[in-house]
Amino acid sequence: MQVNALQKFLEYKSKKDTLTSPLSQKSFSEVLENRKKAVLQHLESKHKPMPDPEVPKKPDTPEEPLFPPESPKRISEQTTCSIQLYSKDEVLLKTSAFLSPALKRYIYEAAGIYCTDVEGWIIPISMFEFFVSSTQDLRAFKFQKIPNFVIKALESNKPQVCKQCPHNYQCEISKSLDSLPTHILSQLYNFQKEGVEFGLKHFGRVLIGDEMGIGKTVQGIAIATAYREEWPCIVICPASIKLNWMNEFRRWVPDLETQDFYFLDKKATMRNSAKVWISSYHMATNLEVYLNSKYFKVVIADESHYLKNYSAKRTKCLVPFLQKAKRVILLSGTPVVSRPAELYTQLSAIRPDIFNNFKVYAERYCDPKVLFTHTDYSGASNIKELYTLISNTVMIRRIKSEVLSQLPDKFRQKVEIPVTYEYTRKIKKLYFDVRKKKEYFKETHEVTGDEVDSAAKNLEKDLFFTQAFTLTCKAKLKGVVDYVSYLIQSNCKFMFFGHHLEMLDAVETQVNKEKAKYIRIDGSTPHQKRQAGVNAFQNNSDCKVAILGIMAAGQGLTLTEASTVVMGELAWTPGVMIQAEDRAHRIGQKRCVNIHYLYGPQTLDEYIWPKLQAKLNIVSGTLDNGNNHSMDSFLNPQERLGMGQFDTSEVGLPVKRRI
């Protein structure tokens with residue numbers, strides 16, 4: 001028993017010594033590796049990992065773009081396609097919806113072409129009916145068709161008989177340029193001949209919308225003259241240019257005499273012998289009943305945008321009067337001032353058979369918005385179609401940049417304005433008083449003939465011309481102010497030159513009444529403000545008027561943003577006025593410069609006007625050998641109207657008050 005116990009002890013000790021003895025590097029590594037395997041087997045037996053889910057294999061497809069295109073819109077019954085008149089021979093199709101293959105096929109079959117400029121499809125108008133009939137089975141689309149009055153207007157340029165216009169043009173043959181007198185035809189520019197031809201082609205019912213300064217007046221007179229067998233003719237215009245219309249008629253139709261004209265006034269009488277009647281818009285409105293009692297076949301309405309407001313009394317009275325005339329010639333450089341609604345009354349006056357419903361017109365072109373109390377028609381829509389419609393039916397318009405090659409660089413125009421007869425009578429009385437004193441002076445002074453003449457001239461200069469120059473300013477004041485107002489309402493940017501402070505102040509007051517932006521430079525303007533004013537006029541399109549003293553601002557300034565110059569008062573020497581003209585007519589000017597000389601009959605202007613031309617001829621002959629034709633265009637230099645014969649000898653004027 002003791003042996004067995006000893007044997008077990010020795011075995012135990014032997015095992016213990018083996019475990020506690022140092023291990024070799026190999027044995028130690030094996031032990032660690034075995035323990036690691038044991039631990040992993042133990043963990044795997046208790047925590048079995050879940051198998052990875054199977055990921056479906058992607059098919060081989062091309063890589064998608066970074067920003068894929070928008071998905072096509074679903075076609076619904078609310079999707080509409082708008083159709084507009086693009087030109088006389090083409091229509092424009094626009095749609096906000098995705099084009100189905102069927103619709104695209106019909107467009108191609110109708111010879112449609114996509115135009116990126118207008119973002120739509122252009123289809124020949126000859127294929128338009130085929131396109132409409134082909135797409136009738138596409139219930140998903142609703143077409144906004146072109147109104148019937150547009151199609152009707154393009155079918156024929158002959159107006160149809162209607163209630164407002166009872167004339168029948170169906171059997172009438174339109175006239176040609178050959179029907180004009182030779183002396184008129186030979187003086188027209190090519191673009192003016194085109195305007196007259198357009199008016200004759202449309203049977204004298206036309207709107208000439210050329211930009212100011214191109215020559216609308218002569219085109220209107222030429223068209224009216226082609227229908228001279230239908231006269232008397234009546235001209236309705238702003239009051240400030242009534243006299244100018246008479247002068248223009250006498251210039252282009254020289255066989256007309258003074259008795260052939262009749263200016264309509266509040267004491268209207270039947271002047272059956274008058275061939276040309278002239279009336280202001282105000283007077284024509286007040287004498288509506290009187291005008292309707294006399295039948296006028298030929299009517300010219302100058303500045304026809306005066307009729308833009310269809311709710312105004314003037315428009316309600318005069319548009320029916322224009323509609324019933326056989327020939328209606330409207331002239332306006334700004335037929336539309338701000339919105340298409342303003343054009344409707346003028347279109348209705350010319351073609352009442354087409355433009356006879358303002359609501360239909362407004363729904364198409366005025367982008368109506370239904371508000372709580374009313375419908376707003378001050379917007380604009382389908383502008384391209386409206387331009388195509390009016391330019392092919394009633395209106396012709398050219399701007400200066402289009403016809404610049406045919407125009408002279410500088411064109412002077414004599415504009416006769418109304419005068420205040422209270423002051424013209426004073427001028428005339430002063431003239432005859434000085435004449436008597438002159439004769440008395442010659443009789444009472446015992447000196448030689450030359451000395452008498454010299455002294456008499458000095459007497460005339462001191463007593464008459466100084467006072468008459470001031471009275472002329474007063475006599476022209478109202479006419480000048482009215483003419484300035486007319487230019488502002490025509491949206492014209494211009495320079496006004498005057499001599500007397502009284503004239504400049506009156507013009508400034510009127511410009512303020514018209515709420516137009518302006519600058520003023522006269523003798524009292526500091527140098528710093530002068531340049532600031534020039535910069536404002538040159539760089540601000542809203543600054544419409546430059547009021548300038550002819551002596552203070554007649555040189556050294558560049559004002560090429562305006563191409564219209566108005567001379568409110570005549571200077572004694574042509575050089576002063578030419579210097580003033582050249583504020584616009586200089587390097588940097590890209591348009592024809594129009595100079596309007598405001599002429600007051602029965603004032604000192606009657607003496608100054610022929611003197612200016614004589615001096616111009618002397619200057620041109622001396623410096624340019626007579627080859628400077630810019631000095632040749634003062635009109636009617638020898639004309640004198642109401643004061644009798646002035647002494648034509650050279651007279652200078654000592655000016656006491658210069659600006």
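The values are calculated or read from the model by the stated rules, or taken from the named source; none is laboratory data. Keep in mind the model is a prediction, meaning the values are calculated, not measured. Here the Cβ positions follow ideal geometry from the backbone for every residue, glycine too, while neighbour counts run over all protein chains shown. With ligands, DNA and RNA removed, areas are computed over all heavy atoms of the protein, side chains included. Shrake-Rupley method; radii C 1.70, N 1.55, O 1.52, S 1.80 Å.
Below are the figures for this structure:
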{"read-out": "Residues within the range 164-197 that are among the hydrophobic types (A, V, I, L, M, F, W, C) and touching a His at 6+ places or on another chain (Cβ under 8 Å), tallied", "value": "0"}
{"read-out": "Checklist (1) within 26 Å of the chain's Cα centre (by Cα); (2) surrounded by fewer than 20 Cβ atoms within 10 Å (Cβ to Cβ); (3) not polar (S, T, N, Q) applied to VAL235, failing item", "value": "(2)"}
{"read-out": "Filter pass, ALA349 being in contact with a Pro (Cβ under 7 Å, 6 or more places away or on another chain) and either closer than 30 Å to LEU604 by Cβ or aliphatic (A, V, I, L, M) (or both)", "value": "no"}
{"read-out": "Conditions (1) in contact with a strand residue (DSSP E or B) (Cβ under 9 Å, 6 or more places away or on another chain); (2) surrounded by fewer than 21 Cβ atoms within 10 Å (Cβ to Cβ); number of the one not met by SER563", "value": "(2)"}
{"read-out": "Condition broken by SER633, with the remaining ones in (1) polar (S, T, N, Q); (2) open to solvent by 60 Å² or more (accessible area, probe 1.4 Å); (3) modelled with pLDDT under 70 satisfied", "value": "(2)"}
{"read-out": "Any pair with Cβ under 9 angstrom, 6 or more apart, that starts in the range 156-168 at a residue that is touching a residue at least 60 places away in the same chain (Cβ under 8 Å) and ends at one that is part of a loop (DSSP other than H, G, I, E, B) and among the aromatic types (Phe, Trp, Tyr)", "value": "ASN157/PHE203; PRO159/TYR169; PRO159/PHE203; GLN160/TYR169; VAL161/TYR169; HIS167/PHE203"}
{"read-out": "Meets criteria (over 24 Å from GLN579 (Cβ atoms) and either touching a Phe, Trp or Tyr at 6+ places or on another chain (Cβ under 7 Å) or not charged (D, E, K, R) (or both)) for SER524", "value": "no"}
{"read-out": "Residue selected from the range 596-622 under the condition among the aliphatic types (A, V, I, L, M) and open to solvent by 20 Å² or more (accessible area, probe 1.4 Å), by the criterion modelled with the highest pLDDT", "value": "ALA614"}
{"read-out": "Of residues in the range 178-223 being touching a Lys or Arg at 6+ places or on another chain (Cβ under 7 Å) and either surrounded by fewer than 18 Cβ atoms within 10 Å (Cβ to Cβ) or small (Gly, Ala, Ser) (or both), the one modelled with the lowest pLDDT", "value": "GLY213"}
{"read-out": "Answer from LYS476, LYS529 - the residue that is in contact (Cβ under 8 Å) with a residue 40 or more places away in the chain and not in a loop (DSSP other than H, G, I, E, B)", "value": "LYS476"}
{"read-out": "Within the range 245-256, considering residues that are over 24 Å from VAL319 (Cα atoms) and open to solvent by 10 Å² or more (accessible area, probe 1.4 Å), the one farthest from the chain's Cα centre (by Cα)", "value": "ASP255"}
{"read-out": "Subset of the range 477-528 (residues that are buried (at least 16 other Cβ atoms within 10 Å of the Cβ) and polar (S, T, N, Q))", "value": "SER485, GLN489, SER490, GLN510, THR525"}
{"read-out": "Residue satisfying condition, being open to solvent by less than 10 Å² (accessible area, probe 1.4 Å) and under 30 Å from GLN467 (Cβ atoms), within set ALA553, ALA584", "value": "ALA553"}
{"read-out": "Qualifying residues in the range 274-291 (those that are at pLDDT below 90 and open to solvent by 80 Å² or more (accessible area, probe 1.4 Å)) - the one nearest to LEU307 (Cα to Cα)", "value": "ASN286"}
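The rows are residues; the columns are (1) at pLDDT 80 or above; (2) under 37 Å from the mean Cα position of the chain (by Cα); (3) over 30 Å from ILE122 (Cβ atoms); (4) open to solvent by 20 Å² or more (accessible area, probe 1.4 Å).
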residue: SER391; (1), (2), (3), (4): yes, yes, no, yes
residue: ILE396; (1), (2), (3), (4): yes, yes, no, yes
residue: ILE427; (1), (2), (3), (4): yes, no, yes, no
residue: LEU430; (1), (2), (3), (4): yes, no, yes, yes
residue: VAL434; (1), (2), (3), (4): no, no, yes, no
residue: ALA455; (1), (2), (3), (4): no, no, yes, yes
residue: LEU463; (1), (2), (3), (4): no, no, yes, yes
